[in-house]
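The values are calculated or read from the model by the stated rules, or taken from the named source; none is laboratory data. On a predicted model such as this, the values are computed, not experimentally measured, just so you know. Here Cβ is always computed from backbone atoms with ideal geometry, including for glycine, and neighbour counts include all displayed protein chains. Side chains are part of the model used for accessible areas, which takes the heavy atoms of the whole protein and leaves out ligands, DNA and RNA. Shrake-Rupley method; radii C 1.70, N 1.55, O 1.52, S 1.80 Å.
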Amino acid sequence: MKYRLTKKYIINSWEVKLFQIQATASFGVVIKGELGGYIESEKNLAQVSGNAWVSGNAQVSGDAWVSGDAQVYGDAWVYGNALVYGYALVSGNAQVSGNAWVSGDAQVYGNAQVSGDAQVYGMVELSFGFFFGFKSKADKLSYIDIGDNQLIAKGKIKYENKIEFY
């Protein structure tokens, strides 16, 4: 067991009680005794394997799951049926929700929102806007909706006031 739920809690905007976590062992960059972010229950954060951690004011609730070496921090929210795993990072004011997956080396930060059935993986960085992903049989495609602008592209995408293809 790598963490415990403390008695300290917050009530989020959906009136769900989230408990602050505390490391009961040192792992990765986390030191035993360190206070973390807020989760609804142990079903939200891997307890045994990997170095997954929730820190800062980050919140994980619902059936959302953080595992592997994933990190959720800052003021980020992960909720619904969302999965954050691998070496993925979710930070800032980012939100991951619905049935969305964030995995691999993907980074979702700033005011980015990943929702629906989106799958963000590989070396994708998303720092602004909304991301909805889908797959076809032939290609892996990505869709970004930035205000009135829309983009559908193959490959890895980095968007931070500009779009770069790798």
Discussion item. Can you compute the modelled spin-label distance between residue 34 and residue 4, with each label point 7 Å from Cα toward Cβ, in nm?
Written reply: 1.9 nm
Worksheet item: How many nm separate the modelled label positions at residue 48 and residue 111, each set 7 Å beyond the Cα in the direction of the Cβ?
Response: 4.3 nm
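At 1.4 Å probe size, with every protein chain present, just tell me what the per residue accessible area of the stretch 1-135 comes to in Å². Could the numbers behind the result be given before it?
On the way: 6080 Å² over 135 residues.
Averaged over the residues of the stretch 1-135, the accessible area is 45 Å².
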Fill in: Paramagnetic reach from residue 13 (point 7 Å along Cα→Cβ, amide N under 16 Å) across the stretch 90-109
92-98
